[in-house]
Amino acid sequence: MRWWAGAWLIAGTVVLAACGTSTGGGAAGEVSGSSSARPSSAAPTHASASPTGGNPSKSVTTPSASAGSCAAGHAEVSVVPGDAVEQRLCVRPGTVVSLVLRPRTDDKRWTAVHSSVPALVLLSGWRLDADGTAHASLRCAGTRGGRAEITALAKAPDVAGAARGAFTLRVTVTPWTTQR
């Protein structure tokens with residue numbers, strides 16, 4: 001490898017690391033709410049504790065579709081009772097999203113998760129804990145960009161019929177820009 005190719009490789013790595021952090025000193029796109037979506041970046045981000053101590057997290061980091069605020073590598077979305085039934089998440093290609101669905105307050109239980117575009121966002125793991133917490137692992141395409149809806153289904157265990165969508169995560173996969 002020539003010296004200039006190594007220099008470009010190092011410069012590219014620095015730029016990619018900088019894309020995962022914000023200039024405001026906090027996590028990218030931080031807003032107030034009761035759920036959390038945490039993207040990974042060069043510096044670890046942690047959800048702040050609730051002042052009341054009731055909910056484990058009172059901050060939400062939901063990256064928007066702008067180029068510098070999309071999660072890369074790993075993102076976590078946690079949904080607790082009382083949250084909005086729809087959330088948006090912007091990620092980079094190849095990102096793994098951990099979706100944690102806390103137990104519901106009604107008699108319904110989480111049953112499954114479906115992707116509207118499995119070629120873009122693929123469900124790679126599903127686990128239902130004894131306490132009713134569901135965990136889904138979602139893998140985003142490595143090079144492709146686009147949008148997919150992830151629908152979490154829930155139903156009462158003693159009621160006949162199909163489970164219905166109880167939560168929707170709208171995932172936007174935004175490819176890295178290349179400059180020529």
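The values are calculated or read from the model by the stated rules, or taken from the named source; none is laboratory data. On a predicted model such as this, the values are computed, not experimentally measured, just so you know. In this analysis, Cβ positions are derived from the backbone assuming ideal geometry, glycine residues included, and neighbour counts consider all displayed protein chains. Note: areas computed on protein heavy atoms with side chains; ligands, DNA, RNA excluded. Shrake-Rupley method; radii C 1.70, N 1.55, O 1.52, S 1.80 Å.
A simple count of charges around L128, restricted to other residues whose Cβ falls under 14 Å of its Cβ and scoring Lys, Arg +1 and Asp, Glu -1, yields +4. For the pair T168 and A156, label points projected 7 Å from Cα toward Cβ lie 2.5 nm apart. Of H135, H74, the order by accessible heavy-atom surface (1.4 Å probe, DNA, RNA and ligands excluded), from most exposed downward, is H74, H135. Taking a sphere under 11 Å around the Cβ of S116 and counting the other residues whose Cβ falls inside, with K and R at +1 and D and E at -1, yields a net charge of +1. Put simply, the amide H of V77, placed in the peptide plane, has neighbours under 5 Å in R38, S98, L99, V100, leaving out anything fewer than 5 places away on its chain.
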